[in-house]
1. Confirm whether A:Leu5 is at the interface with another protein chain (Cβ under 10 Å from one of its Cβ atoms), buried (at least 20 other Cβ atoms within 10 Å of the Cβ), under 24 Å from B:Thr8 (Cα atoms) and more than 12 Å from DNA strand C (Cβ to nearest atom).
2. Within the stretch A:29-46, is even one residue touching an Asp or Glu at 6+ places or on another chain (Cβ under 8 Å) and either facing chain B (nearest Cβ under 7 Å) or touching a residue at least 12 places away in the same chain (Cβ under 8 Å) (or both)?
3. Name the residue, out of A:Leu12, A:Leu49, that is more than 14 Å from every other protein chain (Cβ to nearest Cβ) and buried (at least 19 other Cβ atoms within 10 Å of the Cβ).
4. Go through (1) open to solvent by less than 80 Å² (accessible area, probe 1.4 Å); (2) in a loop (DSSP other than H, G, I, E, B); (3) at the interface with chain A (Cβ under 10 Å from one of its Cβ atoms) and name the single condition B:Ile79 misses.
2 protein chains.
Amino acid sequence: MPDHLSATFAALADPTRRAILARLALGETSVTELAEPFEMSMPAISKHLKVLEHAGLISRGREAQWRPCRLEAAPLKDIAGWVDYYRRFWEESFDRLDDYLRKLQATAPKPQEKKNARKHR
Amino acid sequence: MPDHLSATFAALADPTRRAILARLALGETSVTELAEPFEMSMPAISKHLKVLEHAGLISRGREAQWRPCRLEAAPLKDIAGWVDYYRRFWEESFDRLDDYLRKLQATAPKPQEKKNARKHR
DNA sequence: GAGTTAATTAACTAATTAGTTAAATAAACG
DNA sequence: CGTTTATTTAACTAATTAGTTAATTAACTC
């Protein structure tokens with residue numbers, strides 16, 4: 001995985017892993033307890049944890065024979081930062097050209113002209 | 001892909017696809033122009049676009065022989081909503097048990113324990 | 001030391017992903 | 001019509017992923 005944002009997104013792309021994070025939001029816990037809600041073998045959970053750890057989303061301690069997992073939210077902050085850049089696109093501000101065009105399109109159903117929208121970079 | 005959040009996260013887990021979205025944030029454009037910055041064949045880009053479209057992150061029109069792509073931000077709003085739940089974990093509020101313990105651990109037991117020097121933003 | 005509990009590693013398989021090149025489709029152009 | 005331009009589909013390959021069962025490591029308990 002090249003960059004750390006990709007690793008984080010990839011880790012979050014699995015519902016089991018997101019459920020694990022949701023559980024850890026309630027507090028640190030063991031692998032066995034994390035595994036319990038899932039119809040899945042322990043090694044499968046272990047692998048999911050490894051993916052989460054690799055992405056920096058959890059850390060693992062050691063306490064006797066348990067390896068308690070803890071949520072680490074720093075990568076989530078990066079995700080929030082990344083996605084926030086796009087906020088304006090879902091908050092429907094009508095001051096951008098794009099939205100202007102979108103509005104035009106909504107009101108004038110059949111634009112005949114081939115508007116040369118291609119720009120040079 | 002089961003749920004739509006997973007599909008969105010998976011789509012965002014690739015740097016090429018994120019770059020495509022970044023380009024589309026500047027405005028609607030053609031597949032060829034989207035492909036240009038990448039050392040990658042057109043079919044490869046076409047597949048990336050299909051992934052993005054499947055996740056609802058872009059929509060495609062038709063204008064003569066071009067299929068202009070447009071950013072669709074609704075799924076990003078869902079991502080923002082999901083990640084926002086975890087905001088308290090990176091904003092270091094010290095009113096939770098977890099953070100209390102974390103603080104104890106940082107100050108008390110072992111002098112050469114790693115300092116846990118996370119910064120506020 | 002033997003057994004129990006917690007978790008990981010090894011070895012394997014099936015499915016998915018990300019890329020390739022070559023062929024096909026679709027619309028515009030002369 | 002045949003050609004050009006834009007894009008997709010087909011067919012293939014290599015790498016990665018998500019899961020399995022069996023074996024292993026590690027620490028505690030008797």
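1. No; evaluated as a whole, the condition is false for this residue.
2. Taking every residue of the stretch A:29-46 in turn, none turns out to be touching an Asp or Glu at 6+ places or on another chain (Cβ under 8 Å) and either facing chain B (nearest Cβ under 7 Å) or touching a residue at least 12 places away in the same chain (Cβ under 8 Å) (or both).
3. Selected residue: A:Leu49, the only one of A:Leu12, A:Leu49 that is more than 14 Å from every other protein chain (Cβ to nearest Cβ) and buried (at least 19 other Cβ atoms within 10 Å of the Cβ).
4. Status for B:Ile79: all satisfied but (2).
The values are calculated or read from the model by the stated rules, or taken from the named source; none is laboratory data. Treat the numbers as computed from the prediction; the structure is a model and nothing was measured. FYI the Cβ positions are ideal-geometry reconstructions off the backbone, even for glycines, and counts take in every protein chain you see. Remember, those area values only see protein heavy atoms, side chains included, never the ligands or the DNA or RNA. Shrake-Rupley method; radii C 1.70, N 1.55, O 1.52, S 1.80 Å.
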